[in-house]
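The values are calculated or read from the model by the stated rules, or taken from the named source; none is laboratory data. Keep in mind it's a predicted model, so treat the numbers as computed, not measured. Neighbour counts run over all protein chains shown; Cβ positions are idealised from the backbone, glycine included.
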């Protein structure tokens, strides 16, 4: 590292293949990398829903990754059989791809999940380092039957009843994850949500007791899937404003020398 | 591409492997990448000579690559046998690694070569896109015997005589490369150079007739290898100032929308 000029740099030794042989090289790049943002879609959704939002956020100066959970888009034939466990591995695999991207600072990863994706995002924070967490209308499931197909969890009235009461933190994996999370949290509720009742949101909000900051907002008139354009825009605006406050403004204000010493 | 926010973005479709299966993803990153700078050392040198300079330049906001030509450092056992052709393939391989780096804008590559490396850098510009070219005390060899070991070219008085006259552009591969080059050129001579006589520098300067800009400087009191610290510092200062003028200031002044449309 050098402090000459406007920023510090990082060296990486590389191997260059030529004529079946190898020569040694050193790549020197500015030390400061970009934050990474992982988008996790909800059940029945796909990465496509997030692309416009991902581009808007990336334009602020970060790298975004949206992807299709197994059981969706090209693998929708697995929708009846895919388990939470498999989808959680999807989320971890996507996180790892994002964190290894050469432009991304692995100490500055945000995860943004909707509904089932919010539930997954919360649990991800116990498996990988997450600095910022956005849970929009996060779903909630009992810990039991973890290996059952996700779809089977919706059989009978049990799940709906489970979501009608505030769930104690200690009895739910996603809530325990939130309780242990020490980064910044944005929780977004839809006022007209017919899928995720208010007590679920309350369970999540109450669980985030150790968060560095907590922002809880309700999108007025919005339904669960943000089916109208006005609600989509309201969410995008909310997300951009929060990301700007939490991620981008602090980066600009941070002394350059400190930027490479985090975590 | 979107124009929302402070910069445009670029999408890249990616494949995420999980459990031996594949899920689809899209990585969205800011469109603006960094210039890349390739350093090509002279005969008997190594990448190590360039690292401090590479870090100083990278700190201005670019990605630098220094590497060891075959016949040097870890492959010095090939010094008696390596040919110009093999070393040129080394340079091209290193260029390709730099140009493919995700942080690098392949339309903004500078090559900086010293002595034998300057000769190689000039020829590289006919094989790959080079936007800026720095030739410090560039060497010159007859086109003949291209496949002979580089060391064999120094047998007898012929090479020394060749370098005592200004060489017509059309009879030399490196000079023809300079004559076809339309980017910005910096040529640096050492006042006390006992290896590369003044006519060689004149040959290069005269060859650069189509360059967008030409900067020719003599380092006072410097020898061929910049053996004293003052000469090294003078060269670093010259290089940084030129890079700043040619590469970094124009980037800052360029409208953001234009930045992704070059070439």
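Being surrounded by fewer than 17 Cβ atoms within 10 Å (Cβ to Cβ) and within 7 Å of chain A (Cβ to nearest Cβ) narrows it down to one residue among B:102, B:30; which is it?
Answer to the selection: B:102.
What residue, of A:48, A:54, is closer than 22 Å to residue A:234 by Cβ, more than 15 Å from the chain's Cα centre (by Cα) and without any contact (Cβ under 8 Å) to a residue 40 or more places away in the chain? Write out each step before concluding.
Numbers: A:54 fails: more than 15 Å from the chain's Cα centre (by Cα).
Just one listed residue meets the conditions, A:48.
Could you check residue A:20 against (1) facing chain B (nearest Cβ under 10 Å); (2) surrounded by fewer than 20 Cβ atoms within 10 Å (Cβ to Cβ) and say which number it fails?
All conditions are met except number (1).
Quick check on region A:15-35: of everything there that is under 16 Å from residue B:94 (Cα atoms) and assigned to a loop (DSSP other than H, G, I, E, B), which residue is modelled with the highest pLDDT? Before the answer, list the steps.
Taking region A:15-35 as the starting set, the residues that turn out to be under 16 Å from residue B:94 (Cα atoms) are A:15-29.
Now restrict to residues that are assigned to a loop (DSSP other than H, G, I, E, B): A:19-20.
On the way: A:19: 86, A:20: 89.
Looking at the filtered set, the residue picked out is A:20.
Restricting attention to region A:117-133, which residues are closer than 21 Å to residue A:57 by Cα and either surrounded by fewer than 19 Cβ atoms within 10 Å (Cβ to Cβ) or modelled with pLDDT under 95 (or both)?
Selection gives A:129 alone.
Where in region B:157-263 are there helices (runs of 4 or more DSSP H), lying wholly inside it, with at least 2 residues that are surrounded by 13 or more Cβ atoms within 10 Å (Cβ to Cβ) and under 21 Å from the mean Cα position of the chain (by Cα)?
Working: elements: B:158-162, B:173-180, B:198-207, B:229-243, B:249-253.
Those helices (runs of 4 or more DSSP H) span B:173-180, B:198-207, B:229-243.
Do you know which residues across region A:36-94 are within 26 Å of residue A:245 (Cβ to Cβ), at the interface with chain B (Cβ under 10 Å from one of its Cβ atoms) and part of a loop (DSSP other than H, G, I, E, B)?
The answer is A:59, A:60, A:61, A:62.
Against the definition (more than 27 Å from the chain's Cα centre (by Cα), more than 9 Å from every other protein chain (Cβ to nearest Cβ) and either modelled with pLDDT under 90 or under 19 Å from residue A:106 (Cα atoms) (or both)), how does residue A:12 come out, yes or no? Give the derivation first.
Working: more than 27 Å from the chain's Cα centre (by Cα): yes; more than 9 Å from every other protein chain (Cβ to nearest Cβ): yes; either modelled with pLDDT under 90 or under 19 Å from residue A:106 (Cα atoms) (or both): yes.
Criteria met by residue A:12.
Could you check region B:105-119 and list, in sequence order, the residues that are away from every other protein chain (no Cβ under 13 Å) and either within 20 Å of residue B:49 (Cα to Cα) or within 9 Å of the chain's Cα centre (by Cα) (or both)?
Taking region B:105-119 first, the residues away from every other protein chain (no Cβ under 13 Å) are B:106-111, B:113-119.
If the condition is that a residue be away from every other protein chain (no Cβ under 13 Å) and either within 20 Å of residue B:49 (Cα to Cα) or within 9 Å of the chain's Cα centre (by Cα) (or both), then B:109, B:110, B:111, B:113, B:114, B:115, B:116, B:117, B:118, B:119 are the ones that fit.
Residue check, residue A:76 against (1) modelled with pLDDT under 90; (2) more than 27 Å from residue A:134 (Cα to Cα); (3) surrounded by fewer than 23 Cβ atoms within 10 Å (Cβ to Cβ), all met but one. Which one?
Checking residue A:76 against (1) modelled with pLDDT under 90; (2) more than 27 Å from residue A:134 (Cα to Cα); (3) surrounded by fewer than 23 Cβ atoms within 10 Å (Cβ to Cβ), the one that fails is (2).
Please go through region B:100-116 and pick out each residue that is at pLDDT below 95 and either in a helix (DSSP H, G or I) or within 20 Å of residue B:151 (Cβ to Cβ) (or both).
B:100
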